[in-house]
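The values are calculated or read from the model by the stated rules, or taken from the named source; none is laboratory data. Bear in mind the structure is a predicted one, so any value in this text is a computation, not a measurement. Every residue, glycine among them, receives a Cβ derived from its backbone with ideal geometry; neighbour counts consider all protein chains shown. These accessible areas exclude ligands, DNA and RNA; they are computed on the full protein's heavy atoms, side chains included. Shrake-Rupley method; radii C 1.70, N 1.55, O 1.52, S 1.80 Å.
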Amino acid sequence: MSLAEKILRGDIRAASRLMRDIDDRMPSAMEELKKIYSKTGNAYIIGITGPPGSGKSTLVDKTVEILRKERKTVGIVAVDPTSPFTGGAILGDRIRMQRHSIDDGVFIRSLATRGSLGGISRSTSDIIKVMDAMGKDIIIVETVGVGQDEVDIVNTAHTSVVVLVPGSGDDIQAIKAGILEIGDIFVINKCERQGADRLEMELKATLEMGPKREDGWMPLIFKTEALLGKGIFELVYGIYRHREKLLACDYLEKKIFERTKWEFLCILDSELRDTIVERLEKDKRLDKIIDDLKRRKANPYSIVEKILEGELKGSS
Amino acid sequence: MFRNDHLKTIGDEEKKWTEDLSKILSEIPERLSRFSTISDMEIKGLYTPKDIQYLDYSRDIGFPGIYPFTRGIQPSMYRGKIWTMRMFSGLGGPEETNRRFHYLLKHGETGLSIAFHYPTLMGYDSDSPMARGEIGKCGVAVDTLKDMEILLEGIPLDKVTTSMTINPPASILLAMYIVVAEKQKVSKSQIGGTIQNDMLKEFIAQKTLMLPPKPSMRLIVDTVEYCTKEVPRWNTISISGYHIREAGSTAVQELAFTLADGIAYVAAALERGLEVDDFAPRLSFFFDSHIDFFEEIAKFRAARRIWARVMKERFRAKNPRSWMLRFHTHTAGCSLTAQQPYNNVMRTAYEALAAVLGGTQSLHTNSLDEVYSIPTEEAAAIALRTQQILSEETGVTNTIDPLAGSYFIEALTNRIEAEALEYIQKIDTMGGMLAAIERGYPQMEIAEAAYHYQKLIDEGKKVVVGVNKYATDHPPITIWKMDPEIERRQLKRLREVKEMRNGQKVRDHLNKLRGAAEGNENLMPYIVNAVREYATLQEICDVFREVFGTYTDPGMF
Amino acid sequence: MTPERKIRIMVAKPGLNGHDRGAKIIARGFRNAGFEVIYTGLHQTPEQIVAAAIQEDVDGIGLSSLAGAHDYLFPRVVELLKEKGADDIMVFGGGIIPEEDIPKLREAGIRGIFGPGTPIEEAVNWVRQNIKPKK
Ligand SMILES: Nc1nc2c(ncn2[C@@H]2O[C@H](COP(=O)(O)OP(=O)(O)OP(=O)(O)O)[C@@H](O)[C@H]2O)c(=O)[nH]1
Ligand SMILES: [Mg+2]
């Protein structure tokens, strides 16, 4: 039986093995993904982003507690950075959620960025598909909070949650404009700290001043104390409200269209590149090309043009 | 401390010496390119008056028993009274541990120190699934008052003082101790002892965790407040560096984080409205004595000086007893090796000597087999004898603070003090220890230091005899093994206690405790009432967990 | 471009003992060797460790124990892995383990046992040599 078939029958080991194959970029993974693709598209995807240590994992843990009470099954993808020096990583998000690991309705997977920018790993969207095929109702993606470009999460999630903390220097001025644009929902966590109300006021004012969103959604702001589980219930219902809004104005369709397109282009991008590079490497052409470029005997633009012509002709 | 012209002469002489030395070294170089302590603090080949030229004897060193207590907290130190020999013990069930207590007291031990097994330390009863595989293994199992009664049988609680290494459930064990004393007709005001009750270092290092930081602090301040009024001879918090050091910190980090914890407790008690001089004399400290001899001695001396100044200047304490840093010492468990275990006797002896030269008030010496398990009776006896030889044969107790005035020791004391103060200041700017812990600051500093040290060992830059040098095979030693019967007996007793007690009364008291916990009354009286009716440790902890939530270590790297 | 498997190891601390010095040192050592390390945190039951190891599809689980409960906890992890059909995940352990317990642990399926004082490098090399890459 193929991994895909096993996964569709509920085999957990098969699912986690496919995730591994995806992450390790095994060619077989694409074969399996082809087989599950038609069974995906059912899960609701929530992205959580925010600065390091802001409480993202703790929020996920408490959110899952509520979702499980409602009998929803949950998949979690938690991304931590790969060390640029050693290529290794310590993946620690799981620590905060470990109590859910023995719950059959929850599946947690830790991923390392493995060199990709954008706060999520290159494999994230495919791994989400596996969880989707496993039948998870809701999938939560926790991004790396390194203050890089977190925009990828928008393309990945239906609802994006941005976590902020009062009094940690990330007051409104310090928060990059980008992060204000990506949030459908804002969480002011560690709200027991001084400055939470001020941050809320400033955030509200800034959001109101900002450009009106296409979908007419006005981002919600919630104050939470994740450590003690305070304010989580409200947050979860805020996420539901966002979802309803997306559904009501047909914007969900549009969002899904955009998301699918983005994903397709990503796959096209990486597959095209990988295929061509592989071919060029096979007969050592790549080295020769680079050598020519180095000595200025050729220019990269014409060469790429020529390769594309040749490859596209050859393959169609 | 020295006249300027004198210092100049010394400087000239030193220059000449350095020149001579470099000639010699060009032919026969030194053994190492860099000499450093076990904390990797670099040490020079020679110290002279120039290294302590800014030291002011009266201001910085002074006299024993007098501020800033650099030379010791009592005027007569060990000429008056030898330190308390307190051997950390706990094994199997209360019966076995009680037997061990009587054995040690018979052999000249002067105070008790109880080690509890992990389930008790974490607030679980022996019949909890969390206790599987752990009952009686690293300490004694205590589930209810009944166990405590057996544990302390035949021990006169008005004469012997007892130290209990217990943190999240500290208030409960103290309550049990109070009730056992009651039954011996010894009143609360007569008993003496210590509960560790130091949660900050648990969050930082040892990770015996139950409740989130804030309610943990509340419980601690509750015990401080209660004892200040009701149990005046009780040491309410044993502010501990031991576990911080064992987690791999440097000596400076141990000192700095411990004192910063102390500062946080004082601040919390003041916030409750207590008067500093009412509770501060009952705060005590607990340090590690590691294998780097001089570094440890300097650490202990610096500790007293910093704390005295903090209490007097920062907290405006007026009672000299509030300024005194009294401390217990435990020789370094992490310095013991599983390889060639008999070498541990020697290590422990040197560490004990450092503690005594550093002016400790009480001392636990590790047994040679402690790396593996609870010590056997013979091994514990050798460890105790080590202290007795130190106090009665070596003569080190004849004079007070004998190393004072050594250029090296004084310079090192200054340096450790300065570096610790730097850490403390950093923690202050973060908003105090609680905030620093939340950020993972001390945790990450320690993890870094531990990794660095392991690297030094792996590279052979630090030597551990029998491990990375002079390694040989060694025959296994006999180690203490728990009789599986103990586990069955413990579970049976717990069942019987639960059957025989008045269930309604237990429920009532637990409900009252819950009510009080939801408000902001002091919880101690409620806990005392609940244990008196044989509520179990876990039943009480479960009330706390329900009301305050639980906490797991965030695992910072 | 032949894809290469990244080594994924779970470092777990079973039981109530919270001394994580060794676990943290080894986790860092593994990261610096280029492995992906999933750290479960403290006070884990064997059930939690095994569930997590399966979800993470790790190559091996490194258990750390200092409190004498290894004789129950380590074999229990192996047993649960077998029950779940995941016994291709290799289990190794470190900490303070008396000589006389070692044969029993090996028999129970603990593949590597690292006593106190094991250099980081040695554990890293052991993993490299003993972990068979997944097919
Ligand atoms: N005081 C307080 N601390 C909190 C709160 N929520 C989380 N924390 C603590 O903040 C620290 C970081 O929490 P995490 O959940 O790991 O944060 P994160 O954003 O996932 O961190 P990274 O994944 O490392 O970026 C932990 O020590 C939490 O216990 C809160 O509401 N109040
Ligand atoms: Mg996280």
Counting only helices (runs of 4 or more DSSP H) entirely within the stretch B:144-234, those with at least 3 residues that are more than 14 Å from chain C (Cβ to nearest Cβ) and closer than 26 Å to B:GLU271 by Cα are B:170-183, B:213-230
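Residue-wise test of (1) free of Cβ contacts under 8 Å to residues at least 60 places away in the same chain; (2) surrounded by 13 or more Cβ atoms within 10 Å (Cβ to Cβ); (3) among the hydrophobic types (A, V, I, L, M, F, W, C).
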position: A:LEU199; (1), (2), (3): yes, yes, yes
position: A:ALA205; (1), (2), (3): yes, no, yes
position: A:GLY216; (1), (2), (3): yes, no, no
position: A:LEU227; (1), (2), (3): no, yes, yes
position: A:ARG259; (1), (2), (3): no, yes, no
position: A:GLU263; (1), (2), (3): no, yes, no
position: A:ASP269; (1), (2), (3): yes, no, no
For the stretch B:56-78, the count of residues that are among the aliphatic types (A, V, I, L, M) and either at pLDDT below 95 or open to solvent by 40 Å² or more (accessible area, probe 1.4 Å) (or both) equals 1
Restricting the stretch A:25-37 to residues that are open to solvent by 40 Å² or more (accessible area, probe 1.4 Å) and within 14 Å of another protein chain (Cβ to nearest Cβ), the one nearest to ligand 2 (Cβ to nearest atom) turns out to be A:ARG25
* Right, C:GLU99: acidic (Asp, Glu), within 30 Å of B:PRO476 (Cα to Cα), modelled with pLDDT under 95 and more than 12 Å from the chain's Cα centre (by Cα) or not? -> yes
How many residues of the stretch A:38-47 are open to solvent by less than 10 Å² (accessible area, probe 1.4 Å) and either near ligand 2 (Cβ under 9 Å from one of its atoms) or among the small types (Gly, Ala, Ser) (or both)? The answer is 2
Discussion item. Whether any residue in the stretch B:192-210 is without any contact (Cβ under 8 Å) to a residue 40 or more places away in the chain and either over 15 Å from B:MET524 (Cβ atoms) or β-branched (Val, Ile, Thr) (or both) is what I want to check.
Written reply: yes
For the stretch C:45-64, the count of residues that are more than 10 Å from chain B (Cβ to nearest Cβ), touching a residue at least 24 places away in the same chain (Cβ under 8 Å) and not aliphatic (A, V, I, L, M) equals 6
Answer yes or no as to whether A:LYS190 is on the phi > 0 side of the Ramachandran plot, of a type in the set (Lys, Arg) and open to solvent by 20 Å² or more (accessible area, probe 1.4 Å).
yes
Of the residues in the stretch A:114-128, those that are away from ligand 1 (no atom under 12 Å from the Cβ) and either modelled with pLDDT under 95 or in the same structural domain as A:ALA4 (by TED's automatic domain parsing) (or both) come to A:ARG114, A:GLY115, A:SER116, A:LEU117, A:GLY118, A:ILE120, A:SER121, A:ARG122, A:SER123, A:THR124, A:SER125, A:ASP126
Is it the case that B:GLY503 is buried (at least 18 other Cβ atoms within 10 Å of the Cβ) and of a type in the set (Gly, Ala, Ser)? no
Looking across the stretch A:16-59 at residues that are more than 24 Å from A:ILE239 (Cα to Cα) and of a type in the set (Ser, Thr, Tyr), the single one that is farthest from ligand 1 (Cβ to nearest atom) is A:SER38
A:ARG68 vs (1) more than 10 Å from chain C (Cβ to nearest Cβ); (2) touching a helix residue (DSSP H, G or I) at 6+ places or on another chain (Cβ under 6 Å); (3) more than 11 Å from ligand 2 (Cβ to nearest atom): all pass except (2)
Scanning the stretch A:84-98 for residues that are more than 14 Å from ligand 2 (Cβ to nearest atom) and surrounded by 15 or more Cβ atoms within 10 Å (Cβ to Cβ), the one nearest to C:PHE30 (Cα to Cα) turns out to be A:GLY88
Matching residues in the stretch A:77-102 (at the interface with chain C (Cβ under 7 Å from one of its Cβ atoms), within 9 Å of ligand 1 (Cβ to nearest atom) and not β-branched (Val, Ile, Thr)) number 1
Is it the case that A:GLY105 is away from ligand 1 (no atom under 16 Å from the Cβ) and at the interface with chain C (Cβ under 7 Å from one of its Cβ atoms)?
no
Only unsatisfied item for B:LYS455, checking (1) assigned to a helix (DSSP H, G or I); (2) within 19 Å of B:ARG304 (Cα to Cα), is (2)
Counted residues in the stretch C:21-36 being within 12 Å of chain B (Cβ to nearest Cβ), open to solvent by 10 Å² or more (accessible area, probe 1.4 Å) and not hydrophobic (A, V, I, L, M, F, W, C) come to 6
Exactly one of B:GLY92, B:GLY45, B:GLY108 is assigned to a loop (DSSP other than H, G, I, E, B), open to solvent by 10 Å² or more (accessible area, probe 1.4 Å), within 30 Å of B:ASP483 (Cβ to Cβ) and not hydrophobic (A, V, I, L, M, F, W, C), and that one is B:GLY108
A:ILE22 fails exactly one of (1) open to solvent by less than 20 Å² (accessible area, probe 1.4 Å); (2) among the β-branched types (Val, Ile, Thr); (3) assigned by TED's automatic domain parsing to the domain that holds A:THR124, namely (3)
- prompt: Before we move on, is A:ILE139 away from ligand 1 (no atom under 13 Å from the Cβ) and either within 30 Å of B:THR550 (Cβ to Cβ) or more than 9 Å from every other protein chain (Cβ to nearest Cβ) (or both)?
  reply: yes
* Asked: Would a scan of the stretch B:429-436 turn up a residue that is in contact (Cβ under 8 Å) with a residue 40 or more places away in the chain, surrounded by 19 or more Cβ atoms within 10 Å (Cβ to Cβ) and either within 16 Å of ligand 2 (Cβ to nearest atom) or not in a helix (DSSP H, G or I) (or both)?
  -> no
message = B:GLY136 - would you say it is in a loop (DSSP other than H, G, I, E, B), over 30 Å from B:VAL266 (Cβ atoms) and within 14 Å of chain C (Cβ to nearest Cβ)?
response = yes
Reported set for the stretch A:95-121 where residues are free of Cβ contacts under 8 Å to residues at least 40 places away in the same chain and not small (Gly, Ala, Ser) is A:ILE95, A:ARG96, A:GLN98, A:ARG99, A:HIS100, A:ILE102, A:ASP103, A:ASP104, A:ILE108, A:THR113, A:LEU117
query = Looking at A:LYS69, is it within 13 Å of ligand 1 (Cβ to nearest atom), open to solvent by 20 Å² or more (accessible area, probe 1.4 Å), over 25 Å from C:PRO46 (Cβ atoms) and among the basic types (Lys, Arg)?
reply = no
Scanning the stretch B:114-127 for residues that are open to solvent by less than 10 Å² (accessible area, probe 1.4 Å) and more than 19 Å from the chain's Cα centre (by Cα), the one nearest to the other protein chains (Cβ to nearest Cβ) turns out to be B:PRO119
